[in-house]
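Note sheet for the following structure.
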Amino acid sequence: TMTREAFINDDIGFLAAMPAQYASKAKRKINRQVYELLFENPAIFDGAALFDAVHKNLTATGSAPSIKTLEEMILMMGMQTDQFGESIMVEPATIIVPVGYGMKLHQLLGTAEIDVDGIGSHTVNVLNTQYRNKLKIVQEGTLNVLAKDGV
């Protein structure tokens, strides 16, 4: 219980702390709801899942970041069409990953040369030259929670 004087003086910071805690919780809830949509991949207006072969936006599930997976995602985005079959040229600006994949993505985008064949033959890393400054990497812990701490 609080005395009238303690309430007026807000000695324990209750009046300032509680609204801030509620606001923070509400923000996290909205954040979680958005990432739940991406994670759960529900059916959308056309009856197909948001990420589905029908929409030509689904790579192999469970793919860790690599040159191959990034290239595949970028190509799929670039080949998207509108309802009339015309190219809409979607270019990636942000990539959202669970905590634990950000470092790998920074390595992939920040390395000037890569070993393409796995035998030590190095070539120019096109991801570095074309996307290093265009692609923002966002690590989101909510995805880890939704995946039960999996990455």
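Of note:
- One residue stands out in segment 94-113 among those that are closer than 14 Å to Ser66 by Cβ and open to solvent by 30 Å² or more (accessible area, probe 1.4 Å): the one that is modelled with the lowest pLDDT, namely Thr111.
- Among residues of segment 46-93, those that are of a type in the set (Phe, Trp, Tyr) and either more than 23 Å from Leu108 (Cβ to Cβ) or in contact with a Ser or Thr (Cβ under 7 Å, 6 or more places away or on another chain) (or both), counted: 1
- Check on Phe51, aromatic (Phe, Trp, Tyr) and surrounded by 11 or more Cβ atoms within 10 Å (Cβ to Cβ): yes
- Lone unmet requirement of (1) open to solvent by 50 Å² or more (accessible area, probe 1.4 Å); (2) farther than 25 Å from Asp115 by Cα for Leu75: (2)
- Within segment 1-36, tally of residues that are modelled with pLDDT under 85 and either among the basic types (Lys, Arg) or outside any helix (DSSP H, G or I) (or both): 8
- Matching residues, segment 124-151, being at pLDDT below 90, open to solvent by 60 Å² or more (accessible area, probe 1.4 Å) and touching an Asp or Glu at 6+ places or on another chain (Cβ under 8 Å): Val124
- Just one of (1) within 21 Å of Val138 (Cβ to Cβ); (2) open to solvent by less than 60 Å² (accessible area, probe 1.4 Å) fails for Leu58. It is (2).
The values are calculated or read from the model by the stated rules, or taken from the named source; none is laboratory data. Because the structure is a prediction, the values reported are computed rather than measured. Please note: Cβ atoms are built from the backbone with ideal geometry, for glycine as well, and neighbour counts cover all protein chains shown. All accessible areas refer to the heavy atoms of the entire protein, side chains included, with ligands and DNA or RNA removed. Shrake-Rupley method; radii C 1.70, N 1.55, O 1.52, S 1.80 Å.
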